[in-house]
Amino acid sequence: MNIEVRTAAPGPRPKPGRRARPEHHTGWSIGDRVGLAAAWAAGISLCVVAAVIVLFMAWKGLQFLHLDMLTSSPEASMDQSKSGGFLDPLVGTLLLTVIGIAIAVPVGVGIAVWLTEYGKPAGLARLVESGVEVVAGTPSIVLAIFGLLVFQQGFMGIFSFTAAGGAVFGRSFIAAGSMMALIALPLVIGSTREALNSIPRHVREASYALGKDRASTIRRVLLPSARSGIATGATLGMGRICGDTAIVVVLLGASMQTTPESGPLGLLRGTGSTLTSYVYNNSPAGEGNAPDKAYAAAFVLLMIVLLLNFVVGLIGKRNKPQWN
Amino acid sequence: MELKEEGARTGDGPAAEVPPLRRIVVESETVPIRVGDYAGPPDPEYGKEPWQLAAGLDGEPTWIEERMRTEGLSIAYGDKRAVKDVSIEVNSGEVLALIGPSGCGKTTLLRSLNRLVELTPAAKRTGRIILDDQDVDSFDVTHLRSRVGMLFQQPNPFPMSIFDNVAYGLRERGSKKPRRRQLEPIVVDALERAGLWDEVSSNLNHPALALSGGQQQRLCIARSLAVSPEVLLLDEPCSALDPISTGIIEETIVELRSEVAIVIVTHNLQQAARIADRVAFMYLGDMVESGPAGQVFGAPREARTQEYVGGGFG
């Protein structure tokens, strides 16, 4: 029997003294190599930009951030030693996030379930899908202006402050939170749909084969299986809500301090601020012209958003059911 | 093959009413036979005649009684007829294997028995399917499916604990939510019958998806058994499993045969020969031949069956 022994792959031999290139690069043209180098460079420069942002914000932020800023309310003073901290904006950010997510998750999960599990008539499903895309693509300032229009209607008076003449103010935590829900909604829908679509068909059939109807299959099998997808969407949505500025500036009123209305839901009907509007107002563009406060608040905001992104990664890795 | 006769049946019925019945036990590893040797009027205790008897792998004789049958069943997906005019009965006490090349309609036939095929929008059915003398269309579909359980090609436990998987079919059945303590005996029994109890008894609260593939498939068997079905449909239940897990599942199937009527779709002729009492061969939607496993494999009547079991095509 003849056995042919090949010691190296056919092709030009590497020059002695130089390290052989990996085989799959040997046939590449100049254009391919330039493209590859450009792709590498682009990836690395993005990392550099991200690192610079975080490091610069950390350097500036930690320089100006004091613990008492997190525990004291902002005060109206041009003297920066007396203008207080950003407790109210911090609480405002959290409150607005909670309101937005509390609306977006049930509505978004409902839409996602309807689209993936029912989706009939098909025309209506396509219409809903394009509706979601429109909402996802609408700039938040447009949502904000639209929200103001809606919440200034007379019958929306219960959601904000009504002046003596009967004019509805239209700005409140509820008004801003509702529009924030629209920002989070496409993310919740997208990631819930993805999770539901990744559940194999035979898992649904296994539930039907045990004598369960569609509703209880959705409730007992599909939604628990999609839990990590829903959580991922909700967390991404929270990140977007935390970072949005336009809706806050237009719809949360311009008060730096949280200003509740009277009544049981006074806090939700009242106005306030968030870290984003605080940064905006204290930056050189704003009234206070206190960039050091802006840096400190921006650093805290960045940390919150990075933490949320980290949580998204954690959720994605864990709790996701894997069928063979 | 060796036949031997035993004395009169000592059954559960009153001795005076039940005429003596000769029992023929077949001592054979692969060739089960059905002997309708009940002479005399139908037994009012059981209401079925004739009494039929078979012996399988374990040599234990089992009572055979019709549970389900199809009458002129045809199923079409749009213009494509997947199952053509099939009439077959499914009996408790035996394993019925559906064999045939890919796309011959055996899975469609199987999925029609619990009306799962209706989930496919284009599927259209004609002909009758009868469960315990009642047309399946007269049942509520969820009720039908709790009486006709199903196991799938891929093990598909739900992402919850082992206990909750088995208890899944039992919950939300009545208006009252059953407590765990009430469900526990049923869950334990189902796990024992599926041959999984010894391996999971100490960790019923562990996630089911952490089990091995073979264990998951036995968990799916236990999940089906918990709702006490009369018929169990198996759609190539071992195709995703290794040979050892396959062997364990096959043993479980043979043991279950005495309590549940079993229909198994398999591509594996050796598997059909190992566990089936009766075999039905399908080709291009037609039921070409059905009969005792020994006959279909040993002396098929039809040329197409002969070709298939002889390895002529497939």
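The table for this structure:
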{"item": "Positions within the stretch B:73-105 being in a strand (DSSP E or B) and out of contact with any strand residue (DSSP E or B) (no Cβ under 6 Å at 6 or more places or on another chain), in sequence order", "result": "B:K80, B:R81"}
{"item": "Which listed residue is under 17 Å from A:R240 (Cα atoms) and either in contact with a Pro (Cβ under 8 Å, 6 or more places away or on another chain) or not hydrophobic (A, V, I, L, M, F, W, C) (or both), from A:G147, A:G100", "result": "A:G100"}
{"item": "Hits in the stretch A:37-79 (condition: of a type in the set (G, A, S) and assigned to a helix (DSSP H, G or I))", "result": "A:A37, A:A38, A:A39, A:A41, A:A42, A:G43, A:S45, A:A50, A:A51, A:A58, A:G61"}
{"item": "Of all residues in the stretch A:282-324 being outside any loop (DSSP other than H, G, I, E, B) and over 21 Å from the mean Cα position of the chain (by Cα), the one that is nearest to A:V250 (Cα to Cα)", "result": "A:N282"}
{"item": "From A:V34, A:V91, A:V98, A:V107, residue being farther than 22 Å from A:V248 by Cβ and either in contact (Cβ under 8 Å) with a residue 24 or more places away in the chain or assigned to a helix (DSSP H, G or I) (or both)", "result": "A:V34"}
{"item": "Condition check for B:T108: at pLDDT 90 or above, farther than 23 Å from B:A190 by Cα, within 14 Å of chain A (Cβ to nearest Cβ) and not in a loop (DSSP other than H, G, I, E, B)", "result": "yes"}
{"item": "Of the criteria (1) in a loop (DSSP other than H, G, I, E, B); (2) under 22 Å from B:P237 (Cα atoms); (3) more than 13 Å from every other protein chain (Cβ to nearest Cβ), which one B:E192 fails", "result": "(1)"}
{"item": "Subset tally (residues that are touching a Pro at 6+ places or on another chain (Cβ under 9 Å), of a type in the set (A, V, I, L, M), part of a helix (DSSP H, G or I) and within 14 Å of chain B (Cβ to nearest Cβ)) for the stretch A:197-251", "result": "3"}
{"item": "Residue satisfying condition, being surrounded by fewer than 20 Cβ atoms within 10 Å (Cβ to Cβ), among the polar types (S, T, N, Q) and farther than 14 Å from B:F152 by Cα, within set B:S258, B:S239", "result": "B:S258"}
{"item": "Subset of the stretch B:111-130 [within 14 Å of chain A (Cβ to nearest Cβ), crowded, with 16+ Cβ neighbours inside 10 Å and over 20 Å from B:E65 (Cα atoms)]", "result": "B:R111, B:S112, B:R115, B:L116, B:V117, B:A123"}
{"item": "All positions within the stretch B:160-192 that are within 20 Å of B:R145 (Cα to Cα) and either touching a His at 6+ places or on another chain (Cβ under 9 Å) or basic (K, R) (or both)", "result": "B:R171, B:R173"}
{"item": "Selected residue (criterion: nearest to A:R240 (Cα to Cα)) from residues of the stretch A:258-276 that are assigned to a loop (DSSP other than H, G, I, E, B) and at pLDDT 85 or above", "result": "A:T274"}
{"item": "Scope the stretch B:131-163; condition surrounded by fewer than 16 Cβ atoms within 10 Å (Cβ to Cβ), in a loop (DSSP other than H, G, I, E, B) and either within 8 Å of chain A (Cβ to nearest Cβ) or within 20 Å of the chain's Cα centre (by Cα) (or both); matching residues", "result": "B:D132, B:D133"}
{"item": "Residue count for the stretch A:132-149, restricted to those that are in a helix (DSSP H, G or I) and surrounded by 14 or more Cβ atoms within 10 Å (Cβ to Cβ)", "result": "11"}
{"item": "Residue that is farthest from B:H143 (Cα to Cα) [pool: residues in the stretch A:186-196 that are crowded, with 24+ Cβ neighbours inside 10 Å and away from every other protein chain (no Cβ under 14 Å)]", "result": "A:P186"}
{"item": "Failed condition for A:W28, given (1) of a type outside the set (D, E); (2) surrounded by 12 or more Cβ atoms within 10 Å (Cβ to Cβ); (3) free of Cβ contacts under 8 Å to residues at least 12 places away in the same chain; (4) within 15 Å of A:L302 (Cα to Cα)", "result": "(4)"}
{"item": "Residue in the stretch A:139-160 that is at pLDDT 90 or above and of a type in the set (S, T, Y) present", "result": "yes"}
{"item": "Residue list for the stretch B:166-186, restricted to those being at the interface with chain A (Cβ under 10 Å from one of its Cβ atoms) and surrounded by 18 or more Cβ atoms within 10 Å (Cβ to Cβ)", "result": "B:Y168, B:G169, B:L170"}
{"item": "Condition check for A:V279: within 14 Å of chain B (Cβ to nearest Cβ) and either buried (at least 22 other Cβ atoms within 10 Å of the Cβ) or part of a loop (DSSP other than H, G, I, E, B) (or both)", "result": "no"}
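Every residue, every condition in (1) farther than 30 Å from A:R193 by Cα; (2) surrounded by 15 or more Cβ atoms within 10 Å (Cβ to Cβ), yes or no:
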| position | (1), (2) |
| --- | --- |
| A:F64 | yes, yes |
| A:P74 | yes, yes |
| A:Q80 | yes, yes |
| A:L87 | yes, yes |
| A:L94 | no, yes |
| A:G108 | no, yes |
| A:L124 | no, no |
| A:S130 | no, no |
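The values are calculated or read from the model by the stated rules, or taken from the named source; none is laboratory data. Keep in mind the model is a prediction, meaning the values are calculated, not measured. In this analysis, Cβ positions are derived from the backbone assuming ideal geometry, glycine residues included, and neighbour counts consider all displayed protein chains.
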